[in-house]
Structure formats: C-alpha cells, structure tokens
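To start, the structure itself, in structure tokens.
The values are calculated or read from the model by the stated rules, or taken from the named source; none is laboratory data. Nothing here was measured: the structure is a model prediction, and the numbers come from that model. Heads up, the Cβs are rebuilt from the backbone with ideal geometry, glycines too, and the neighbour counts pull from every protein chain shown. Note: accessible area is taken over every heavy atom of the protein model, side chains too, but ligands, DNA and RNA are not part of it. Shrake-Rupley method; radii C 1.70, N 1.55, O 1.52, S 1.80 Å.
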Amino acid sequence: ELGDYDHYMLKEIYEQPRALAATFSAAGGHEVADSAFGECAAEIFDRVKAVQIVACGTSFHAGMVARYWLEELAGIPCEVEVASEFRYRKRVQIPGTLLLTISQSGETADTLAALRDAGTDDFVGSLVIANVDNSSLVRESDLVFLTRAGAEIGVASTKAFTTQLVGLLMLTIALGRRNGLPQGREQELVNALHALPDYVQQTLALDTAIKALSEAFIPKHHALFLGRGIHYPVAMEGSLKLKEISYIHAEAYPAGELKHGPLALVDDDMPVVAVAPGDELLEKLKSNLEEVRSRGGELFVFADRQAGFTSEPRVRVLAMPHCPEVAKPIIYTVALQLLSYHVAVQKGTDVDKPRNLAKSVTVE
Ligand code: M6R
C-alpha cells in the first residue's frame, strides 16, 4: 500500500492534490450547491446568523482558519473552540447559531460529546465536516459535508486538514451568498478552489528545498512558529505537526505577540519559523522578524516568491508559489507538513505512529 513512499505520512502529503480535487468535485464543484451539505441545508442556511465551530487538534486549526473566511467573506460572526473546553463552559448562545463540528475520524470523543451536549441548546442545526462516512458524528448531525481525503493512516493529520478547508470555503460561499458576497468574488473563490490542486503540486515540488531547511532543526529542542491573521492558525498547525512527530517542543504565536513575552526565549538555539506570505501584514511581520534576528535567532521564512524576501546570514527564505489569498493557508500548511516530516525522519522517530498518541481519540 505504501508504494514508493517510506511512510504513510509522506504518501498522504503527496495525495493532497488528488484529495482536494476529489472533495471539490464530489461536492458539486463550481456550483457550490447547498445540497452538498445535505437535503435540508438550504432551509437551515437561510436561518444562520452565526457559526460556532467545535473540534480538536488539527481539525480545530481548520476551524480557526475558517473563522477568518466566515467573518471576512461571508460577514458571519464565528466562534471556534476546542471541544474539551466547549463542553464544560456555561455559554451564552447567539440566536441563529449553526453548530459546526470538524473531524477526520468522525469519532473523536470530545467532539461527539460536545455535539450531544449541545443538542438541548438553541442551535439552528448541526453540520459536521468529516472524512469517514457513517461515523458517529455523521450519523448524529443534521447536515454533513464529506471530505474525500481517502483513508488517513498516519497519526499526523495532513490531507484531512486541507480537504476540510475545501469544505469550509464552500460553506463560506454558501452562507456568503445569503449575506451579500458579490457574485464576482464568489467566482474568484471558486476559481481558486479549482486551481488549488495545482498550487499544492507546485508546493510539493519544493520538497528537496524544504528538506534542506529541515536539517537545521535536528539538534534543536525548541522552535517558535509565527504568523499573522489567517496565517496564525497555519503557524499553530505547523507547530503541532513538529511537536507531534519530531518531539521538538514547538509553540505558535501571532507575530505581534512576540515582544510581549516569547522574545525572551529567542537565542541561537531557538529556530523561528515565519509564515509570511506577501499579504498586507508582511511589513509588520518583517519588523518583528528583525527583532528576532538581532537577538541571534535563526529565521526560516516561508514567503511568497513575489514578496521580496531574500536569504541572508541567519535568515533562510523558502520562496513559495504565488497564488490567490484563499489558497495560501493550504499551501503553506503543506510546506510545513513537509518540514516536520523531514525533521522527524532524520531524527529517527516513528513518523506514522508517534509515541503516546492514537489516530482516533475515542476517550475523553
Ligand atoms: O479525527 P479528528 O479530526 O476529530 O481528530 C482530532 C485530533 O485528534 C487530531 O487532529 C490530532 O490532533 C492529530 N493527530 C494531529 O495531527
């Protein structure tokens, strides 16, 4: 089953162009029809005024990315919370809230319990984005969007995350249409979804360059990941991947928080990874990064190849494919998946079955 790959994780990273295309086309492709989410989706979507996302781990990070899309593109207030916290908190519910769970397995105990607990609250309905048909979350939700990632065997979630983002962007379009998303903007988003497999393929072509960067992490015990805006959850996902499979302690921070504490940690033993596509926040991020460099830290900058970053002593730049804004969280995540993979392989850890972890967490 592994074919030419050494690990399932690598195989699954490389399956992403196909998985993304399959997820988009199985959900109706360009049409982005309400029916992709279930028979009574239109009726529920018409009443949605807010979205509450609940998930764990990597699926939680997908929800964090989606929050930016739902608020910015669809104008819909969105909260995101890890399932284990959501369950145990007394909440104040905005009327007209859609409960959205996200789960590769559809069996994560905390997420399932959150859905069950929420049953009595005043939600307009529940939607799950899941990769396993007929799983518990699928059976117990009003609406379902199935990702078509295929079986994900590696404990580290890769293709499930990126296909979840396809479902989440399609949901943003479906809700945005009801809330003034201009037709032309919708067309641009659909075009980006259509072209996504190609941008991911271009990112996979950087594998050798990413492996070369990864070598610097092997002797390290800690790493910082920085991002701003929608790229902060991408940094969180990159840091989760690194800690999960390479056992290097990694933390993610919104870049602007650096000087409010974590900058004290930065020295020449602390590599800093910056997710810095050429967005409007780039200039601020550049000045944050300058602070790190002047303290002896080594920077690894993942930047759009048109952004004008160049490598210099202690700053190593990986020039990423140029692509539409909405595709960026996906392709930068793919690059960080490869970074973690290569660090872990060279450290000799059990990449597909990291210590202490299970693929599906069915206990609370
Ligand atoms: O099956 P789920 O998406 O509900 O799983 C949630 C988390 O347990 C999972 O994403 C976990 O964080 C991964 N091992 C991360 O790579």
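Structure summary
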read-out	value
Members of region 228-240 that are more than 16 Å from the ligand (Cβ to nearest atom), open to solvent by less than 30 Å² (accessible area, probe 1.4 Å) and assigned to a helix (DSSP H, G or I)	His231
Scope region 241-261; condition in a helix (DSSP H, G or I) and closer than 26 Å to Lys347 by Cα; matching residues	Lys241, Leu242, Lys243, Glu244, Ile245, Ser246
Residue list for region 126-153, restricted to those being among the polar types (S, T, N, Q) and under 15 Å from Ser59 (Cα atoms)	Asn131, Thr147
Qualifying residue in region 287-296 (condition: over 22 Å from Phe217 (Cα atoms) and among the basic types (Lys, Arg))	no
When residues of region 175-196 are limited to those that are aliphatic (A, V, I, L, M) and farther than 16 Å from Pro329 by Cβ, the one surrounded by the most Cβ atoms within 10 Å (Cβ to Cβ)	Leu175
One residue from Ala83, Ala33 being at pLDDT 95 or above and over 17 Å from Ile330 (Cα atoms)	Ala83
Which listed residue, of Ser105, Ser59, is in a loop (DSSP other than H, G, I, E, B), of a type outside the set (Val, Ile, Thr) and under 20 Å from Val155 (Cα atoms)	Ser105
Residue list for region 207-227, filter: open to solvent by less than 40 Å² (accessible area, probe 1.4 Å), closer than 30 Å to Ala21 by Cα and at pLDDT 95 or above	Asp207, Ile210, Leu213, Ser214, Phe225
Selection count where residues are in a helix (DSSP H, G or I), out of contact with any strand residue (DSSP E or B) (no Cβ under 9 Å at 6 or more places or on another chain) and within 12 Å of the ligand (Cβ to nearest atom), scope region 145-162	2
Scan of region 241-280 for residues that are within 16 Å of the ligand (Cβ to nearest atom) and of a type in the set (Asp, Glu), ordered by number	Glu244, Glu251
